[in-house]
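Novice: One structure, pasted below without further comment.
The values are calculated or read from the model by the stated rules, or taken from the named source; none is laboratory data. Just so it is clear, the model here is predicted, and its values are computed rather than measured. Please note: Cβ atoms are built from the backbone with ideal geometry, for glycine as well, and neighbour counts cover all protein chains shown.
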Amino acid sequence: MNLENTVVIVADLGELKAYQVERHEGVVGNEMKISHSLTLLNDEAFIEGRKKIGEVMSDTVGKKGQGTLESPHLQSEREKRTVKDIAADIEAIVNHFRPEQLFLAFPKEHNNELLHEMGEASRALLKKNITSDLVKTDKNRILSHFE
């Protein structure tokens, strides 16, 4: 698998991590070995994406967390807004680092929405897209999910 100039992005509604794939060469015994590692480029938290409606809004009497505003519609709107924010961050990462290819891991529930929100140029660079939440995965194991 050619990983030259590859950016790997793992995200969920609460966090986004972007990594640059680094190539390492070394001699083991009489053989030349090539390995890869990930270097963190960006770690972005989406606090709104992890909160419940009652934690962010108050009801008419100003009491936070009463749950009177917690509706599926409001939750869905917040999730859509968070997906748009994540797509915008992916665009910024792609524009700044100019990778030749992009690998993405994002949960199945909102994966298609994210792809729809991403720009055409970023989608064209997307070589691997897996519907998994790898945000909490050890960075040394992330690449194995894309093999």
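Novice: Only one of LEU38, LEU3 is part of a loop (DSSP other than H, G, I, E, B), at pLDDT 90 or above and hydrophobic (A, V, I, L, M, F, W, C). Can you tell me which?
Specialist: Sole residue among the options that is part of a loop (DSSP other than H, G, I, E, B), at pLDDT 90 or above and hydrophobic (A, V, I, L, M, F, W, C): LEU3.
Novice: I've got another one for you. Examine segment 100-111 for a residue that is polar (S, T, N, Q) and not in a strand (DSSP E or B), and state whether such a residue exists.
Specialist: yes
Novice: If you scan segment 3-34, which residues turn out to be touching a residue at least 40 places away in the same chain (Cβ under 8 Å) and out of contact with any strand residue (DSSP E or B) (no Cβ under 6 Å at 6 or more places or on another chain)?
Specialist: Selection gives GLU4, ASN5, ALA11, ASP12, LEU13, GLY14.
Novice: Determine whether VAL83 is at pLDDT 90 or above and part of a helix (DSSP H, G or I).
Specialist: Spelling it out, VAL83 is indeed at pLDDT 90 or above and part of a helix (DSSP H, G or I).
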